[in-house]
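Taken together, the values in this text are just the output of simple stated rules run on the coordinates, not laboratory data. Just so it is clear, the model here is predicted, and its values are computed rather than measured. We place every Cβ from the backbone using ideal geometry, glycine too, and count neighbours over all the protein chains shown.
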Amino acid sequence: MFRHVLFIAIAAVLLMTVVSCNTAVPAQVGEKMGVAVTILPQQEFVERVGGDKVDITVMVPPGASPHTYEVTPAQMVQLSKARVYCKVGSPIEFELAWLDKLLAQNKDILVVDCSRGIDLIESEDPDEPGMDPHIWTSPRNVKTMVQNICEGMSQADPQNRQYYENNRDTYLKELDELDLGMVALFKDSVSRTFIVYHPAWGYFAKDYGLHQLGIEQEGKEPKAAYMSRLINEARLQNIKVIFISPEFDSRNAEAIAREIGGRVIIIDPLAGDYLENMREVAAAFKEALK
């Protein structure tokens with residue numbers, strides 16, 4: 001509680017400084033529109049739509065986890081100057097904990113719900129009961145997210161609507177190509193189950209007829225009995241690869257890999273280069289499913 005009170009006090013001082021310095025300065029013609037996003041993959045979505053007309057702030061920086069990250073006063077200052085906030089919109093922990101506080105510092109900001117129109121699925125993570133927040137791991141969902149981003153940016157900056165829509169259409173074609181490539185990639189896979197430490201790939205698995213098994217339980221290290229069941233399942237299905245995100249401790253994944261004579265591979269659901277990262281992840285899944 002004290003830490004949050006101190007944070008808000010520091011942020012308030014910094015915001016007052018920003019306001020006092022900027023109130024007399026009119027907006028310049030051609031000035032970039034400030035757009036804030038929650039996670040790094042969204043940065044590419046906004047960049048591809050907004051091009052050189054946007055200045056993007058990522059609230060959860062590279063290497064941080066949206067499950068635990070706390071914003072800094074400096075980020076609050078950046079957010080105070082943004083005109084649009086593109087929230088993921090699914091029940092992602094960072095937004096549940098921080099979004100109301102963030103928006104209270106900029107009451108005029110336009111909030112875009114990137115999840116609007118997406119059918120959420122049940123979470124497979126006991127630490128995230130309810131609906132799975134990782135909607136961006138599905139290229140099909142990302143097409144909807146990009147549509148929502150384009151609509152929001154066009155509302156905030158209507159004079160550049162055509163520019164945003166043209167950029168959107170180009171990016172949507174690339175996402176279509178990515179999706180079709182993945183359909184072809186997994187079409188003939190005999191094995192369909194993969195093991196991950198943190199079950200962030202439910203939407204991806206749903207789209208391409210796969211099934212993920214998660215190691216993590218309630219955000220904690222798994223119990224011995226559960227580890228034993230996973231090892232038996234891996235042996236039965238001849239699974240030789242354990243996938244883990246870079247922000248998690250790899251010791252349990254490595255322990256399972258040793259028991260099944262397999263290996264650990266790092267895949268990142270929060271990487272910034274979305275299209276290229278998804279191709280690399282798909283190739284890693286395909287190799288593991290042979």
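Take every DSSP beta bridge with both residues inside the chain and express the antiparallel ones as a percent of the total, to the nearest 5.
10
Which value in Å is the Kirkwood Rh of the chain over different Cα pairs?
In the chain this quantity evaluates to 20.5 Å.
For labels at Leu103 and Val183 in the simple 7 Å Cα→Cβ model, what's the distance in nm?
The two pseudo-label positions are separated by 3.6 nm.
By how many degrees, 0 to 90 and rounded to 10, does the Cα axis of helix 274-288 deviate from the longest principal axis of the chain?
10
Net charge near Asp179: determine it from the other residues with C-beta under 14 Å of the C-beta of Asp179, scoring Lys and Arg +1 and Asp and Glu -1.
Neighbour charge sum, excluding Asp179 itself: +2.
Run the count for region 32-181, please: Lys pairs, Cα-Cα under 19 angstrom, 8 or more apart or on different chains.
Final tally of qualifying lysine pairs is 9.
Might you report the magnitude of the Cβ-based charge dipole of the chain about its Cα centre, with Lys and Arg at +1 and Asp and Glu at -1, to the nearest 20 debye?
For the chain, the charge dipole is close to 140 debye.
Which order do the peptides 269-277, 141-149 take when ranked by the mean count of other beta-carbon atoms within 10 Å per residue, highest first?
Ranking the peptides 269-277, 141-149 by packing returns 141-149, 269-277.
If region 32-181 were replaced by its equivalent ellipsoid, with semi-axes equal to the square roots of 5 times the Cα gyration tensor eigenvalues, what would those be, largest first, whole Å?
23, 21, 12
Rounded to the nearest 5, what % of the DSSP beta bridges within region 32-181 are antiparallel ones? Don't skip to the answer; put the middle values down first.
Values: 1 of 13 bridges.
Beta bridges within region 32-181, antiparallel portion: roughly 10 percent.
For Arg192 and Ala224, what is the calculated FRET efficiency with R₀ set at 30 Å and r taken between the beta-carbons, to the nearest 0.05? List each step's numbers first, then the result.
Working: r = 27 Å, r/R0 = 0.90.
So the FRET efficiency works out to roughly 0.65.
How are the alpha carbon pair distances in region 188-288 distributed across 10 Å bins from zero to the largest one, expressed in percent?
Going out from 0 Å in 10 Å bins, region 188-288 shows 15, 52, 30, 3 percent.
As I understand it, the value is the acute angle between the Cα axis of helix 139-156 and the longest principal axis of the Cα atoms of the chain; what does it come to in degrees, rounded to 10?
The angle comes out near 0 degrees.
So what is the calculated 222 nm ellipticity per residue for the chain, using -39500 (n - 2.57) for each DSSP H run with n of 4 or more, over all residues, to the nearest 500 deg cm²/dmol?
After summing the helix terms and dividing by the residues of the chain, the value is -15500 deg cm²/dmol.
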